[in-house]
Amino acid sequence: MLLLECPYCGKRAESEFHCGGEAHIARPETPAELDDQAWAEYLYYRTNPKGLHAERWQHRHGCGRWFNALRDTVSDKVVETYKMGEPRPDASNANIPDPAKVRSA
Amino acid sequence: MSQPFRIQSGGHIDRSKPISVSFNGKTLNGYRGDTVASMLLASGSHLAGRSFKYHRPRGILSHGSDEPNALLSVDWRPEKGKGRRDPNNRASVVEARNGLKTETQNHWPSLERDVGALNDILSPVFVAGFYYKTFMWPRSAWEKVYEPVIRRAAGLGEAPEVADPDRYANRHAYADILVVGAGPAGLSAALAASEDGSSRVLLADEGFLFGGALLNDATSTIDGKPAKAWVDEMVATLDARENVVLLPRTTVFGYYNHNHVAMVERVADHRDDALEGLARERLWQVRAGKVIIAAGSHERPLVFENNDRPGIMLAESARAFINRYAVKPGNRMVVATSGASAYRTALDAKAAGIAVTIVDIRLGEDCGTELAEAREAGIEVLTGHTVVKALGKARVTGLIVAPLGKTGGVGTRRTLECDTVAMSGGWTPSVHLFSQSRGKLVFDADIDAFLPGQSVQNEVSAGACHGIYDLSAIIADGAKAGGGSREVTASATFTGFQPVRVLPTDEDPKKVKAFVDFQNDVTAKDIKLAVREGFESIEHVKRYTTTGMATDQGKTSNMNALGLVAGLLDRPLPAIGTTTFRPPYTPVTFGALVGPSREERFEPVRKTAIDGWAEAQGAEFEPVGQWRRAHYFPRSGEDMHAAVNRECKAVRTSVGIFDASTLGKIEVVGPDAAEFMNRMYTNAWTKLKVGGCRYGLMLGENGFVMDDGVVARLAEDRFHVTTTTGGAARVFQHMEDYLQTEWPDLDVFITSITEQYAVIALQGPNAKKVLEPFVSDIDMSEDAFPHMSVREGFICGVPTRLFRVSFTGEAGFEVNVPADYAAAVWKALYEEGRKYDITPYGTETMHVLRCEMGFIIVGQETDGTATPDDVGLSGLVSKVKPDFVGKRSLSRPDILRKDRKQLVGVLAKDPKEVLDEGAMVVDDPTAPVPMPIAGHVTSSYHSSNCGRSIAMAMVKGGRDRIGETVWVTTPKGFTEAVIATSVFYQHEKESIDA
């Protein structure tokens, strides 16, 4: 079970949270102007990276606030959590193990 | 049974507390501090079970949780009746106490005489992968012959026959440092970690005594003290520290993300007193700042013919039985080894009066000081010898050994008579937990072992599981892991071994049964066969042969299997890799995992304020989500059909009363509330007047119907939104998500008021007459309070939000009152309603009535792929609003296709026939399979008001097919039906506004 740091409440167990998928996918301001492909990409296409992934989490059984987390999908290490609206942090010094070197369990 | 093999002094047993346990109906005697295994050995017997596949007699292999053979069914409290027996307990770790009732497994009619042993003779049939090879054809034989037979023979131990009556506890804890294992490394680590008093330290060990391997050690000294005295001193020091919690009998079985560690504590089974209410086991979930793994190591068996005969055990285990339990495993022992540590067993055995011979696969020049020490003690040592086979069946009677030639040939045989063999094929560090933590293993050829490499979480391994075997070094390593340092002077440990996978033999290897995995009965021959058949990946070999897949997780067998495969493929061992270690480290009871979450605490039942009244009225209930709802209210002699017919008639002819409290209710408040509603629902809300209601339709961003419900505008800036019962939480979170993440600029608050308001629906021509006498501060006249409006006032003096709405097609009201007053208001309305023969009705009648009117239920007519147009609700979709959630998706090409399924009515040709919900609708029942499917039935009932059966269906292009004949599947075939509009009931006059 992950240990996530809610930016408002502090560290809590994963069971208090709800994951909302990839972060920083803003809803288009005027969806009507998007062609079908662009709208489909907004709706369904996700990066699904091996490595650092910015994702939305909600402290559902706590304060109820949404925030973002930067998580390494290989090790599950959460490098940083940050408030909604804040830019994705630069995690170049995060000391994430090279995915190629960590055998997936 | 007496204890002829008990040593008269020494050991960590309490001779002042004699005990007895039942073993296959016989009595075993022993002392507190014994395990069932040590008591069995004290009686002079090793026979402790039959093997899984071949039903071979098996003895006790080990003294710890890696035991693969001696699996017992244990009834922990037979005096308390059934339900306290569980299977597959390892005799070597079952802490003995008066009253335990134990039985061996996997034999019939008895342990000594087992019909299943026939499998041993038929063993050429049961080769690796025999399931895949044998039970191929004929196909029909699978169901009738093979599967029933295999099911009977498969599995180990008998499942309990009644529900577990014991209580299991659950605890969450935080530790700055969790130390796993209380051997020399763990004790040393815990001491260092807790030194300055600032860190909270948990020390857990699966055994009932702390000390680990030092408990088996009668000769070593640490700083001049006997090993056990050092242990006692360490434990006393730790126990005195406020910041240390000692947890014996606690197995750390799972290492999960972010140092979330699961362990199970055996709380009650060892206690003489059966305290009422005391939990049997406790599941600990620990979040640790740092984990120190000091889990020790497992000894490897030697692989030679008949190496599974009772009396053959691991060398360190023989030493444990002699020194810790004061039991002689036998009178004549051969120590067969490929390494140094077993010499200590030989020396201790000799000191205990056992006749000992050592057979060492290593040449004399490859041995260390242990060789001279053994010979000095008068022990005959045969170096450079292999073990060809063991003699005896129910008990080993001798060992055939032979010298190994320089070129690998096997020389002249010699038989060593014995009743016990202590074998050692070297050591395997217990890297299970490290591997579970997703750390990467690295192979160390010097000690032929996989060791913890790169960490992924904040943990560190210390001691034998870290590949360190010398006692002084282990203690230093533990202290270092604990953040300190400790230098001790301890007796030198005999270390080092020569890896050997299968002992050389001059027998025909095709006829030799030399076991690699004892618990799953996998022999070296099986593994060779798998490799010969082309299995090269260790993960495939493992699954094909089942080696390492038993409940012992291959603790004793994995390295021999890996080494054997590497040798056969002529690849270096690290190139083969290891299989994945998964929790649990040892089997965990379901009781511990479930804990208190069972029966009524498994999933709490939500009850409305009216529930008690409904129960008193004899209502039948049905679960809806977590709610318990009245399904129907049968009168005496009525079945569901009769009750629902009566309830449906009553609502249309007089008045019915219905508990709608489970509806989701959300208050949307704020200056931007209307704008927010505009964006969340398909409808336009700006023009909805205060006091007005509107049926709202909510879509997901993908354009599919997500929820619906009546929305009332209580004020310019306040909406009372209702949702489906099942959708309440989902809709709330959906709104919250958009509000927080997409439109934080909107000044809106949303609040769930589902639990705060109960809803009493009064429906039918007489509804208003029942209601009126109780209402105050609301003008009930038609003009002032029309259909689809809301008023705030009082009912029975209680504040109410009174909705004039209908889900039945009849004139009706939904009375929202604070839940605490709901039962009183309900009773008052019901009493008044008696004048009109008021009829309480349940969810079934509600379903029928709305279906008669063609109203959809989200989740019944819709399945997450239905658009508003699909279900005939395109009129609710605003064409004016530039945007709302889901709007853009409604113009995607596939959403606009003409052949989408559309909501229609389907009437069976036979009006008495009620179609099956979920049944397929087809055009041509004679079409070849796979038959083209035109649609499916979504709702189907008998309607007493229509005098026939009615059904709704989603049918491709259905709205253009009204009047066409289709066929609907039935359990027996097809039945004819006609497509119709989905409104089935027509009022004689427009009654809803009357």
Only sites in a loop by DSSP and with at most 15 other Cβ atoms within 10 Å count here; which GluC sites (Glu not before Pro) in segment B:260-343 make the cut? B:GLU276
Reach of B:LYS835 by Cα under 21 Å, taken over lysines that are not fewer than 8 positions away in the same chain: B:LYS649, B:LYS768, B:LYS769, B:LYS827
Residues of segment B:868-883 that bury at least 40 Å² of accessible area, probe 1.4 Å, when all protein chains are present rather than the chain alone, are B:ASP883
For B:GLU638 and B:MET931 in the same chain, what is the full-extension length gain: residue separation times 0.36 nm, less their Cα-Cα distance, in nm? 101.4 nm
Solvent-accessible area per residue, Å², over chain A with all protein chains present [probe radius 1.4 Å]: 56 Å²
Please compute the contact order of segment B:789-854 in relative form: average sequence separation of alpha-carbon pairs under 8 Å and at least six residues apart, divided by the residue count, as a percent. 26 percent
How high is the relative contact order of chain B? Use alpha-carbon pairs under 8 Å, at least six apart in sequence, and give a whole percent. 9 percent
Report in % the part of the accessible area of segment B:14-131 that belongs to carbon and sulfur, leaving out ligands and nucleic acids; probe 1.4 Å. 57 percent
For chain B, I need the span (max minus min coordinate) of the C-alpha atoms along each principal axis, in Å, sorted largest to smallest. 114, 71, 56
Would you mind giving the total buried accessible surface between chains B and A, with a 1.4 Å probe and ligands, DNA and RNA left out, rounded to the nearest 100 Å²? 2800 Å²
With a 1.4 Å probe and every protein chain left in place, work out the accessible area per residue of chain B in Å², rounded to a whole number. 40 Å²
Once the Cβ-Cβ distance between B:THR981 and B:SER878 is put in as r, and R0 is 25 Å, what FRET efficiency do you end up with, to the nearest 0.05? 0.50
Which log10 I(q)/I(0) values, to two decimals, does segment B:661-835 give at q = 0.09, 0.13, 0.17, 0.20 Å⁻¹ under the Debye formula with one point per Cα? -0.31, -0.64, -1.04, -1.36
Which whole-number percent gives the relative contact order of segment B:1-69, counting Cα pairs below 8 Å spaced six or more residues apart? 26 percent
Placing +1 on the Cβ of each Lys and Arg and -1 on the Cβ of each Asp and Glu in segment B:384-530, which of B:LEU503, B:GLY439, B:GLY453 has its Cα farthest towards the positive end of the resulting dipole? B:LEU503
Rounded percent of accessible protein surface that carbon and sulfur make up, chain A, 1.4 Å probe: 45 percent
Taking a virtual spin label 7 Å from the Cα of A:SER92 along the C-beta vector, which residues in segment A:40-67 bring their backbone nitrogen under 19 Å of it? A:51-54
Cα gyration tensor of segment B:513-598, axes a ≥ b ≥ c as square roots of the eigenvalues: rounded (a/c below 1.5), prolate (a/b > b/c) or oblate? prolate
Formal net charge of residues neighbouring B:ARG646 (Cβ-Cβ distance under 13 Å; K, R +1; D, E -1): -2
Return, ordered by residue number, the residues of segment B:331-374 whose backbone nitrogen is under 19 Å from a label point located 7 Å along Cα→Cβ of B:SER9. B:348-354
Can you compute the modelled spin-label distance between B:ARG897 and B:THR751, with each label point 7 Å from Cα toward Cβ, in nm? 4.7 nm
Interface call, segment B:721-745: threshold 30 Å², probe 1.4 Å, accessible heavy-atom surface of protein chains, chain by itself vs complex, result B:GLN733, B:ASP737, B:GLN740, B:THR741, B:GLU742
With heavy atoms of protein chains only and a 1.4 Å probe, what residues of segment A:15-41 have at least 30 Å² less accessible area in the full set of chains than alone? A:ARG27, A:PRO31, A:ASP36, A:TRP39
Would you work out if segment B:234-384 is rounded, prolate or oblate? Take a ≥ b ≥ c from the square roots of the eigenvalues of the alpha-carbon gyration tensor; rounded if a/c is under 1.5, else prolate when a/b is larger than b/c, oblate otherwise. prolate
Of the accessible area of segment B:661-835, computed with a 1.4 Å probe and all protein chains kept, carbon and sulfur make up a percent value of 52 percent
Note to self: C-alpha centroids of segment B:171-206 and segment A:1-53 sit apart, in Å, by 39 Å
Tensor-based shape of segment B:14-131 (alpha-carbon gyration tensor, a/c under 1.5 rounded, otherwise prolate or oblate): prolate
Using alpha carbon coordinates only, what is the Rg to Rh ratio of segment B:535-684, with Rh defined as the Kirkwood radius? 1.35
How high is the FRET efficiency from B:SER22 to B:ARG571, r the C-beta distance, R0 56 Å, rounded to 0.05? 0.65
If I take R0 = 35 Å and measure r between the Cβ atoms of B:LYS912 and B:GLN617 in this structure, what FRET efficiency does the formula 1/(1 + (r/R0)^6) give, to the nearest 0.05? 0.70
Only loop residues by DSSP count here, and only those with at most 13 other Cβ atoms within 10 Å; note down the GluC sites (Glu not before Pro) in segment B:772-821 that meet that. B:GLU782
Straight-line reach check, B:LYS687, cutoff 17 Å on alpha carbons, 8 or more apart in-chain or any other chain, hits among lysines -> B:LYS879, B:LYS881
Using the scaling law 2.2 N^0.38 Å as the reference, what is the normalised Cα Rg of the protein assembly as shown? 1.18
Over 25 Å between Cα atoms, which of B:LYS82/B:LYS393; B:LYS887/B:LYS956; B:LYS909/B:LYS972; B:LYS53/B:LYS510 qualify? B:LYS82/B:LYS393
Volume per residue (Å³) of the convex hull spanned by the alpha carbons of segment B:897-980 is 88 Å³
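The values are calculated or read from the model by the stated rules, or taken from the named source; none is laboratory data. Every value quoted in this text rests on a predicted model; they were computed, and no experiment measured them. As a convention, Cβ positions derive from the backbone with ideal geometry for all residues, glycine included, and neighbour counts pool all protein chains shown. All accessible areas refer to the heavy atoms of the entire protein, side chains included, with ligands and DNA or RNA removed. Shrake-Rupley method; radii C 1.70, N 1.55, O 1.52, S 1.80 Å.
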